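The values are calculated or read from the model by the stated rules, or taken from the named source; none is laboratory data. Predicted model, so just to flag it, every value in this text is computed and none were measured. Cβ coordinates were reconstructed from backbone atoms using ideal geometry, including for glycine residues, and neighbour counts include every protein chain displayed. Just the protein is used for accessible areas: all its heavy atoms, side chains included, with ligands, DNA and RNA removed. Shrake-Rupley method; radii C 1.70, N 1.55, O 1.52, S 1.80 Å.
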Amino acid sequence: MSASAVFVLDLKGKVLICRNYKGDVDMAEIDHFLPLLMTQEEEGLTCPIMSHGNVHFLWIKHTNLYLVATTNKNSNASLVYAFLYKVVEVFTEYFTELEEESIQDNFVVVYELLDELMDFGFPQTTDSKILQEYITQEGTKLEVAKTKVPTTVTNAVSWRSEGIKYKKNEVFIDVIESINLLVNANGSVMSSDIVGAVKLKTMLSGMPELRLGLNDRALFALTGRDKGKTVTMEDVKFHQCVRLSRFESDRTISFIPPDGESELMSYRINTHVKPLIWIESVIEKFSHSRVEIMVKAKGQFKKQSVANNVEVRVPVPSDADSPKFKTSTGHAKYVPEKNLAVWTIKSFPGGKEFLMRASFGLPSVENDEMEGKPPITVNFEIPYFTVSGIQVRYMKIIEKSGYQALPWVRYITQSGGRTAMLFRYSLFMYSEKSPII
């Protein structure tokens, strides 16, 4: 089961717009939402699901809005939250910015969207490209003859319109992997994993069928082939266009793609990963005087690859001032609002080493014991390279007209949201080496 009703509220709990899908929950129950939330916030126990009697509130916050779904059944919470975030995505596609003003200025369109997004509590048409074919912000100007609902809404292939034509048929495949890595002050990797995604930009005429082949270890084991590099993917998630039964039976990724840009699949690879950019830091802190930081960065990836837009973010004391920097390449700056020294290197070849020195004045050290010890973090992007070794082995494009199409593949490795290394500050004249990625 899914939602009984969906509400959009302002920060004061006022209902801006709502849609009752099932009629089995009193619409006045929403008045209890904000008091429950405020009570939980005061107690520091904010929960994504709240209950009043037998009514449950599942909610998210976006800018200055609350999006709330109500239900009195044991609903699938994951489905409801996926729907609420999809609502945010669709509204943002329509109005660029989703906030209180955009809801008030587009009341009719918002209500029409809520009507199409869900039917009797179950998600229905959630693809913004399809919705934009018959729900527009110029709706009052449409002629009656043009208000016919597109066949994509009733087709089995609801994510792709019919009659699409291109002069040049192409499909671009991006394999993007993000590395999440945590290294302690002694240089030991505490945790690491790879989160990947296969993204498409499809410019194909008609209604083509695509078949994608990867060096999937399970596929090779199933077919009796075990040659070359293979990868084991976990937590695989597919776009709705992929035929799951086909994948489960023979690991073939077969699908009719959406037009334009889309994410075909995501996956996770749980494996030991070495830091691609190794960093050593020496921090000397002189009491009531200054702090001096030396950071050395070394590329630990193959020499023919180049990391772009490398950013080393080094935490500094909150009362630091008078920054001075010296770098062997790139440039460094002080970001006082975030208590960071940020070293930026536009191009970082594999196997190279670079050095950054920084000096800060310390007017006082009274609060140092109370400050946290955040890690050094590194952001980067390496094109034409994947850490896991995943490869697109083939992309077959089948269309009844028999046209020739060109598939293009690009690989990108980048730092994830949890790429960091820990180190300890010395409070007085003392230095410590600290590796980080």
**Item:** From the options Ser318, Ser328, Ser359, residue that is of a type in the set (S, T, N, Q), in contact with a Ser or Thr (Cβ under 9 Å, 6 or more places away or on another chain) and not assigned by the TED database to the domain that holds Thr202
**Value:** Ser359
**Criterion: surrounded by 15 or more Cβ atoms within 10 Å (Cβ to Cβ), in the same structural domain as Glu353 (by the TED database) and under 27 Å from the mean Cα position of the chain (by Cα) - qualifying residue of Gly196, Gly299** = Gly299
**Of all residues in the stretch 286-296 being farther than 14 Å from Leu355 by Cα and open to solvent by 10 Å² or more (accessible area, probe 1.4 Å), the one that is modelled with the highest pLDDT** = Arg290
**Message:** Take Glu261 and tell me if it is part of a strand (DSSP E or B), under 30 Å from Ile398 (Cα atoms) and either assigned by the TED database to the domain that holds Leu204 or not aliphatic (A, V, I, L, M) (or both).
**Reply:** yes
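Being in contact with a Lys or Arg (Cβ under 9 Å, 6 or more places away or on another chain) and farther than 30 Å from Ile412 by Cβ is true for just one of Phe385, Phe360, Phe354. Which residue is that?
The conditions single out Phe360.
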**Complete:** Gly13 vs (1) outside any helix (DSSP H, G or I); (2) open to solvent by less than 40 Å² (accessible area, probe 1.4 Å); (3) on the phi < 0 side of the Ramachandran plot: all pass except (3)
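Quick grid of which residues meet (1) at pLDDT 95 or above; (2) touching a Leu at 6+ places or on another chain (Cβ under 9 Å); (3) more than 17 Å from Leu117 (Cα to Cα):
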| site | (1), (2), (3) |
| --- | --- |
| Ser4 | no, no, no |
| Val8 | yes, yes, no |
| Lys12 | no, yes, yes |
| Ile17 | yes, yes, no |
| Ile30 | yes, yes, yes |
| Asn54 | no, no, yes |
| Lys61 | yes, yes, yes |
| Leu65 | yes, yes, yes |
**Request:** Go through the stretch 302-337 and count every residue that is charged (D, E, K, R) and either surrounded by 19 or more Cβ atoms within 10 Å (Cβ to Cβ) or under 17 Å from Phe354 (Cα atoms) (or both).
**Result:** 6
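So, His32, is that one part of a strand (DSSP E or B), assigned by the TED database to the domain that holds Thr125, without any contact (Cβ under 8 Å) to a residue 40 or more places away in the chain and open to solvent by 50 Å² or more (accessible area, probe 1.4 Å) or not? Break it down into steps so the answer makes sense when it comes.
Numbers: part of a strand (DSSP E or B): no; assigned by the TED database to the domain that holds Thr125: yes; without any contact (Cβ under 8 Å) to a residue 40 or more places away in the chain: yes; open to solvent by 50 Å² or more (accessible area, probe 1.4 Å): yes.
So His32 does not fit the description; no.
A quick yes/no check of all residues on (1) closer than 24 Å to Pro383 by Cβ; (2) assigned to a strand (DSSP E or B):
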residue	(1), (2)
Val291	no, yes
Lys296	no, yes
Gln304	yes, no
Ala307	yes, yes
Glu311	yes, yes
Pro323	no, yes
Tyr334	no, yes
Ala341	no, yes
**Prompt:** Mind checking which residues of the stretch 115-138 are under 16 Å from Ala3 (Cβ atoms), part of a helix (DSSP H, G or I) and open to solvent by less than 40 Å² (accessible area, probe 1.4 Å)?
**Reply:** Leu117
**Message:** Among the residues of the stretch 60-75, are any over 22 Å from the mean Cα position of the chain (by Cα) and surrounded by fewer than 16 Cβ atoms within 10 Å (Cβ to Cβ)?
**Reply:** yes
**Message:** Here's a check for you: in the stretch 90-107, which residue that is within 23 Å of the chain's Cα centre (by Cα) and open to solvent by less than 30 Å² (accessible area, probe 1.4 Å) is farthest from Lys129 (Cα to Cα)?
**Reply:** Leu98
**Prompt:** Within the stretch 67-80, how many residues are modelled with pLDDT under 95 and more than 11 Å from Ser2 (Cβ to Cβ)?
**Reply:** 2
**Asked** Within the stretch 270-285, how many residues are open to solvent by 30 Å² or more (accessible area, probe 1.4 Å) and either part of a strand (DSSP E or B) or among the acidic types (Asp, Glu) (or both)?
**Response** 4
**Prompt:** Which residue out of Phe255, Phe220 is in contact with an Asp or Glu (Cβ under 8 Å, 6 or more places away or on another chain), modelled with pLDDT of 95 or more and among the hydrophobic types (A, V, I, L, M, F, W, C)?
**Reply:** Phe255
**Asked** Are there any pairs, at least 6 apart or on different chains, whose C-beta atoms fall under 6 Å, with the first in the stretch 253-268 and open to solvent by 10 Å² or more (accessible area, probe 1.4 Å) and the second in a strand (DSSP E or B) and among the small types (Gly, Ala, Ser), and if so, which?
**Response** Glu263/Ala197; Ser266/Ala197
**Asked** In the stretch 44-101, what count of residues is obtained for those that are charged (D, E, K, R) and in a helix (DSSP H, G or I)?
**Response** 5
**Prompt:** Do we have any residue at all in the stretch 77-89 that's among the aliphatic types (A, V, I, L, M), under 27 Å from Ser128 (Cβ atoms), buried (at least 19 other Cβ atoms within 10 Å of the Cβ) and over 25 Å from the mean Cα position of the chain (by Cα)?
**Reply:** no
**Request:** Would you check if there is a residue in the stretch 38-49 being touching a Phe, Trp or Tyr at 6+ places or on another chain (Cβ under 8 Å) and open to solvent by less than 20 Å² (accessible area, probe 1.4 Å)?
**Result:** no
